[in-house]
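Right, one structure below, let's go through it.
The values are calculated or read from the model by the stated rules, or taken from the named source; none is laboratory data. No experiment lies behind these values; they were computed from the predicted model shown. Ideal geometry is used to build each Cβ from the backbone, glycine not excepted, and the neighbour counts take in all protein chains shown. These accessible areas exclude ligands, DNA and RNA; they are computed on the full protein's heavy atoms, side chains included. Shrake-Rupley method; radii C 1.70, N 1.55, O 1.52, S 1.80 Å.
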Amino acid sequence: MRLMRLSLAAIAAVVALAAPALARADAVTDWNAIAQTAIVATGGQSPQAAAPSFAMVQGAVYDAVNAIDGRYRPYLAQPAANPWDSKAAATAAAAYNVLRALFPGQAGALKTTYDNYVAGLSDTPAGSKAAGIAVGEATAAAMLAARQNDGRNPPGPFPFFFGTQPGEWRLAPPQGPAPGIVAIDPAPWVSGVRPFIVPDVTMLRTDPPNSVTGGAYAEDYNEVKKLGALNSTARTQDETEAAIFWQDNGLAIWQRVMRSLAGSDTAANARMLAMGDLAAADGAIGCWENKYHWNFWRPITAIRLGDDDGNSATEGDANWTPLFDPTVPVSGAKLVTPGFPDHPAGHGCVSGAFVHALQDFFGTDKVTFTATSNKCFGAPCTPRTFNRLSDALKEVIDARVWGGIHFRTADVQGAVLGKKVAHYLQKHYFQPVG
């Protein structure tokens, strides 16, 4: 028979004695890095598709660690556990079992990683490792059960609507040298996924795009036309570098940021990563639902057809090309206008969710961190350091204009959507016990 849980007050007293520590690796950050490799590098998931995957992994990890720690309410499940059960083993088991289910083609490699990882863990006190594994397996099972039939990867083609009228989205024209590249959304189904945090995705409805005949639209149009052009003389070198930097997989960038902010408290690390990734998942889901609701055109289409949009303040340019063009030499995949509607901006949605969730977690915006990217003119990419979380979000908003792929209103509305998710999460999830 397992011993009774220590009192929450006793556990809190022990935790309170632990001094803050510099960022370091622990099981939570180890397995977040393993998950990033499985989801992004090996699995090849786009940012919007990766968001639900990270949420499932980190939600299960949080519940596993929290069941042992006991300070906060569970996200989904709180299996029986003792305070001395191995949090590292629970973390590994939770992450591994979710990843194995999500990526069956990686099952062999993941099992090898898991077996080697668990073999290296301490089993003090005796039995703590097996007990932790049981906890992690239980929370992974709860997550997988909860997310069955949630709209991920549905069968059949997605019902794209390619418009013909001013303001209506259609695929960007071929970009780059002949025959050119035409991007198309690799995961439009994200728009129909059941949210992780908010009860109804329509709670995240944004303000509409600006009317193409209005002054606000003309202001956005002329800004991106000037600053986002391939050969813009108004955009600085640093702005060009920032635009390309943030075109790396946004979910991967923010995983690296969160790992760099992790401390010595494993339970706190699990909570931080779960808050960020669960908020980002709903940010992506809400964003994609809005994109196909509003179905608004991208700058490359709008500017090339600007003489026919009914707005006297927009002068068209049939040859206008954004910075994000395949001719720009960058590391990794070529730069193109993404193959889905403009409004709201996906990076704004997920970055807004991450930033506001992290503000809530730390209780302040004044968090200094360095972000790293695999997207630049040439590897290795120069990191970018920020003294406030909101400074990074502001740069993301600007960067999408500098890249020539979004109107500013889409970027701002994306950030607002992400903020809505994070604030709902703060009020309804991850609350202290008692």
Whichever residue in region 396-434 is among the aromatic types (F, W, Y) and open to solvent by 50 Å² or more (accessible area, probe 1.4 Å) and, among such residues, is farthest from G215 (Cα to Cα) = Y429
Verdict on Q165 being farther than 30 Å from M56 by Cβ, without any contact (Cβ under 8 Å) to a residue 12 or more places away in the chain and under 27 Å from the mean Cα position of the chain (by Cα) = no
ask   = Only one of these conditions is not met by G108: (1) open to solvent by 40 Å² or more (accessible area, probe 1.4 Å); (2) free of Cβ contacts under 8 Å to residues at least 60 places away in the same chain; (3) out of contact with any Ser or Thr (no Cβ under 8 Å at 6 or more places or on another chain); (4) in a loop (DSSP other than H, G, I, E, B). Which number is it?
value = (4)
ask   = Pick from A274, A242: which is out of contact with any His (no Cβ under 6 Å at 6 or more places or on another chain), open to solvent by less than 10 Å² (accessible area, probe 1.4 Å), closer than 19 Å to A410 by Cα and modelled with pLDDT of 95 or more?
value = A242
key: Those residues of region 196-227 which are crowded, with 21+ Cβ neighbours inside 10 Å and touching a Leu at 6+ places or on another chain (Cβ under 8 Å), in sequence order   = F196, I197, L204, T206
Of all residues making up region 145-175, the number that are loosely packed, with under 13 Cβ neighbours inside 10 Å and either outside any loop (DSSP other than H, G, I, E, B) or out of contact with any helix residue (DSSP H, G or I) (no Cβ under 9 Å at 6 or more places or on another chain) (or both) = 9
query = How about region 83-105: which of its residues are among the basic types (K, R) and open to solvent by less than 60 Å² (accessible area, probe 1.4 Å)?
reply = K87
message = For region 111-130, give me each residue that is open to solvent by less than 50 Å² (accessible area, probe 1.4 Å) and among the aliphatic types (A, V, I, L, M).
response = V118, L121
query = Which residue, of D63, D30, is assigned to a helix (DSSP H, G or I), modelled with pLDDT of 95 or more and crowded, with 24+ Cβ neighbours inside 10 Å?
reply = D63
Boolean, A142 is part of a loop (DSSP other than H, G, I, E, B), of a type in the set (A, V, I, L, M, F, W, C) and more than 18 Å from E289 (Cα to Cα) = no
request  = For region 209-289, please list each of the helices (runs of 4 or more DSSP H) lying entirely inside it that holds at least 2 residues being closer than 30 Å to T364 by Cβ and of a type in the set (S, T, N, Q).
outcome  = 250-261
request  = Would you be able to say whether some residue in region 314-321 is of a type in the set (D, E), without any contact (Cβ under 8 Å) to a residue 40 or more places away in the chain and closer than 30 Å to H428 by Cβ?
outcome  = no
ask   = Quick one: which of P186, P195 is part of a loop (DSSP other than H, G, I, E, B), under 21 Å from A415 (Cβ atoms) and at pLDDT 95 or above?
value = P195
remark   = Those residues of region 230-239 which are in contact with a helix residue (DSSP H, G or I) (Cβ under 9 Å, 6 or more places away or on another chain) and either surrounded by 14 or more Cβ atoms within 10 Å (Cβ to Cβ) or among the aromatic types (F, W, Y) (or both) amount to S232, R235, E239
ask   = Out of (1) in contact (Cβ under 8 Å) with a residue 40 or more places away in the chain; (2) under 17 Å from the mean Cα position of the chain (by Cα); (3) surrounded by fewer than 17 Cβ atoms within 10 Å (Cβ to Cβ), the odd one out for G378 is which?
value = (2)
query = Which ones in region 353-363 are part of a helix (DSSP H, G or I) and surrounded by fewer than 16 Cβ atoms within 10 Å (Cβ to Cβ)?
reply = F362
query = Restricting attention to region 301-352, and to residues there that are β-branched (V, I, T) and under 25 Å from the mean Cα position of the chain (by Cα), which single residue is surrounded by the most Cβ atoms within 10 Å (Cβ to Cβ)?
reply = V350
query = Exactly one of (1) without any contact (Cβ under 8 Å) to a residue 40 or more places away in the chain; (2) in a helix (DSSP H, G or I) is unmet by K366. Its number?
reply = (2)
inquiry  = Which of the numbered conditions does A178 fail, given that it passes all the others? Conditions: (1) farther than 20 Å from A50 by Cα; (2) among the aliphatic types (A, V, I, L, M); (3) modelled with pLDDT of 95 or more; (4) part of a loop (DSSP other than H, G, I, E, B).
reply    = (3)
